[in-house]
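The structure appears below as structure tokens.
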Amino acid sequence: MNMIDWYKKVLFENYANFSGRARRSEYWYFTLTNFIITLVLYIPMVASIGLSQNQEPGAMFWLLYGILMIYGLATFIPSLAVAVRRLHDIGKSGWYLLFYLIPLVGPILLLVWFFTEGEGNTNQWGPDPKDIFGNIHEIGKPN
């Protein structure tokens, strides 16, 4: 799967799916694509202020601002959902996402968790998303 396929999977197939697990690639490709789209909208929006005669926001600024806000609202729920599923993959509850509210330490801790490899076996949130064939990881121990 490429970056756009992961993005579409999160946005269209799992829009508000807070159950199950998400691989690192699913989380990070969605996040990267989301960031690039936001940047593509944000840069011309800011540049439109510099291009106006009186240095005040013109029609182009407000149009791009509106599109950016609509896009942000449309991707807010899928962003939360994929983050919760990513935490599920490492064996943590989605409520750990509230750690983001702890200044400095919380975002760093979440970043480390988002980079952590998921649990290799089935956990309480479902089977390992990497193991699509149901392989046996250890001799005599099914998933």
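A Förster radius of 35 Å combined with the Cβ-Cβ distance from TYR15 to LEU51 puts the calculated FRET efficiency at roughly 0.45. Using the Cα atoms of region 41-103 to build a convex hull, what is its mean projected area in square nanometres? About 5.9 nm², averaged over all directions.
Heavy-atom accessible surface of GLU117, to the nearest 10 Å², is about 100 Å², with a 1.4 Å probe and all protein chains retained.
With +1 assigned to the C-beta of every Lys and Arg and -1 to the C-beta of every Asp and Glu, and no other charges, what is the dipole magnitude of the chain about the Cα centre in debye, to the nearest 20? Mind showing how you got there, number by number?
Numbers: 10 positive and 10 negative charges, 21 e Å.
The dipole of the chain has a size of about 100 debye.
Estimated from the Cβ-Cβ distance and a Förster radius of 25 angstrom, the FRET efficiency linking TYR65 and LEU101 is about 0.40.
Descending by average beta-carbon neighbour count within 10 Å, the peptides 70-79, 30-39 line up as 30-39, 70-79, the highest first.
The values are calculated or read from the model by the stated rules, or taken from the named source; none is laboratory data. Everything numeric here is computed off the predicted structure, so don't read it as measured data. Positions of Cβ are generated from backbone atoms using ideal geometry, with glycine treated the same way; all protein chains shown enter the neighbour counts. Protein only, heavy atoms only, side chains kept; ligands, DNA and RNA dropped before computing areas. Shrake-Rupley method; radii C 1.70, N 1.55, O 1.52, S 1.80 Å.
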